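Below is one structure; the comments refer to it alone.
The values are calculated or read from the model by the stated rules, or taken from the named source; none is laboratory data. Everything quoted here is computed from the prediction, not taken from an experiment. Every residue, glycine as well, gets a Cβ built from its backbone with ideal geometry; the counts of neighbours run over all protein chains shown.
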Amino acid sequence: MARRVVALAGGVGAARFLSGLVRVLPQEELSVVVNTGDDRDFFGLRVCPDLDIVTYTLAGMVNRETGWGFEGDTVECLDALRRLRSDVWFRLGDRDLATHIHRSERLRAGVPLHRVAAELARAFGLAVELLPMSDDPAPTRVLRADGARTDFEEYMVRDGAPDDVAALDLSAAEAARPAPGVLEALSGAETVIVCPSNPLVSIGTILAVPGVRAALAARHDAVSVSPIIAGAPVKGPADRLLRAVGAEVSALGVARLYRGFCRGMVIDRRDAALAGEIEALGLAVRAEQTLMRTPEIAASLAKTVLELAGARA
């Protein structure tokens, strides 16, 4: 049976929004299509950062200060690894390792990622349907000004997200197949929400998977939340990436990227002056508090999004 609401999601910002959404909507009515362009192997283990952030957040176990990993986790295993090798730059907590060990073992046994994601969601007590955008590897590549090519985690975590991006390569996502259930969820849902995630390397990778953008464009009724507030991202390198592709770093710039499939956008009150220009693109606009400092703000924002979509909680 089709879920009532489908959300497209990246990591921290999306997870915080979704934690508000499940306060006003039963988990059983929600499917989340999650970016897997950041996925990669570390120390022989498959790590899916955005799937894990969403899972841990909805389970109430996430580190609230960082927005990722487990609350109160330790890193003794990584500390021990640093004595043995020099490439220990991605932080994996000791409890977090259990997720990656289980996932890697199941994938090696031939179980597809969408089934593993569902198993992990159930293990964490979730009724939300978590759908990776694809079961196929679809790494996002960052082309740097010096000609180097790095994957996104190398660019963001290892190198600190410098302002040296020449271009983004989403060709792996463009060649990937949508995971089972993704296109069906998008066509059958009452409401589609684009979470406040990086519009290029979170939402953009999902849109690059064959069939996804077309499914959204056919509906042309998605409602989005701008991840840009007052000309800057809340978290992450969206400003550097948007400039690299010639897009304006603003809620208006994001609206221009989404205009082909969105009919509504919630922007922050600090960007209310942009409402007229966004409406001129054909999108209905609401200006609300979008910086989700508390669960209550996240829930209020979710209500606004559902109301704008015409699907009241």
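Condition check for Val285 on (1) on the phi < 0 side of the Ramachandran plot; (2) not in a strand (DSSP E or B): one failure, at (2).
Tell me, yes or no, whether segment 97-115 has at least one residue that is without any contact (Cβ under 8 Å) to a residue 40 or more places away in the chain and hydroxyl-bearing (Ser, Thr, Tyr). So far as segment 97-115 goes, no, none of its residues is without any contact (Cβ under 8 Å) to a residue 40 or more places away in the chain and hydroxyl-bearing (Ser, Thr, Tyr). Annotation note: of Thr304, Thr294, the sole residue that is surrounded by fewer than 22 Cβ atoms within 10 Å (Cβ to Cβ) and modelled with pLDDT under 95 is Thr294. Tell me, please, whether a residue that is free of Cβ contacts under 8 Å to residues at least 60 places away in the same chain and hydroxyl-bearing (Ser, Thr, Tyr) can be found in segment 245-255. Yes, that holds for at least one residue.
In this structure, is Arg40 under 24 Å from Pro178 (Cβ atoms), of a type in the set (D, E, K, R) and modelled with pLDDT of 95 or more?
yes
Total residues in segment 130-164 satisfying the condition of being β-branched (Val, Ile, Thr) and either closer than 22 Å to Tyr56 by Cα or surrounded by fewer than 21 Cβ atoms within 10 Å (Cβ to Cβ) (or both): the figure is 2. Filtered by the rule that a residue be more than 21 Å from Gly188 (Cα to Cα) and of a type in the set (D, E, K, R), segment 93-137 gives Asp94, Arg95, Asp96, Arg103, Glu105, Arg106, Arg108, Glu119, Arg122, Asp136.
A single entry from Ala218, Ala238, Ala208, Ala222 fulfils the requirement of being over 17 Å from the mean Cα position of the chain (by Cα) and either aliphatic (A, V, I, L, M) or closer than 21 Å to Asp163 by Cβ (or both): Ala218. The set of residues from segment 259-282 being out of contact with any helix residue (DSSP H, G or I) (no Cβ under 8 Å at 6 or more places or on another chain) and in a helix (DSSP H, G or I) comprises Arg269, Arg270, Ala272, Ala273, Ala275, Gly276, Glu279, Ala280.
With the condition kept exactly as written, say whether any residue in segment 195-214 is out of contact with any Cys (no Cβ under 9 Å at 6 or more places or on another chain) and at positive phi. Scanning segment 195-214 turns up at least one residue that is out of contact with any Cys (no Cβ under 9 Å at 6 or more places or on another chain) and at positive phi. One residue alone among Ala148, Ala176, Ala167 is aliphatic (A, V, I, L, M) and within 24 Å of Ala118 (Cβ to Cβ), and that residue is Ala176.
Looking at Ala244, Ala280, Ala287, just one residue is surrounded by 18 or more Cβ atoms within 10 Å (Cβ to Cβ) and over 24 Å from Glu190 (Cα atoms), and that residue is Ala244. Taking the listed residues Ser224, Ser171, Ser250, the one that is surrounded by fewer than 22 Cβ atoms within 10 Å (Cβ to Cβ), at pLDDT 95 or above and of a type in the set (Ser, Thr, Tyr) is Ser171, with no other qualifying.
Among the residues making up segment 64-94, a single one is free of Cβ contacts under 8 Å to residues at least 24 places away in the same chain and in contact with a strand residue (DSSP E or B) (Cβ under 8 Å, 6 or more places away or on another chain): Glu71.
Would you confirm, using the coordinates I've provided, whether Arg122 is of a type outside the set (A, V, I, L, M, F, W, C), surrounded by 13 or more Cβ atoms within 10 Å (Cβ to Cβ) and part of a helix (DSSP H, G or I)? So that I can check it myself, show each step before the final result.
Working: of a type outside the set (A, V, I, L, M, F, W, C): yes; surrounded by 13 or more Cβ atoms within 10 Å (Cβ to Cβ): no; part of a helix (DSSP H, G or I): yes.
Spelling it out, it is not the case that Arg122 is of a type outside the set (A, V, I, L, M, F, W, C), surrounded by 13 or more Cβ atoms within 10 Å (Cβ to Cβ) and part of a helix (DSSP H, G or I).
Here Thr294, Thr304 are screened, and the one residue that is free of Cβ contacts under 8 Å to residues at least 24 places away in the same chain, of a type in the set (Ser, Thr, Tyr) and either under 19 Å from Val192 (Cβ atoms) or out of contact with any helix residue (DSSP H, G or I) (no Cβ under 6 Å at 6 or more places or on another chain) (or both) is Thr294.
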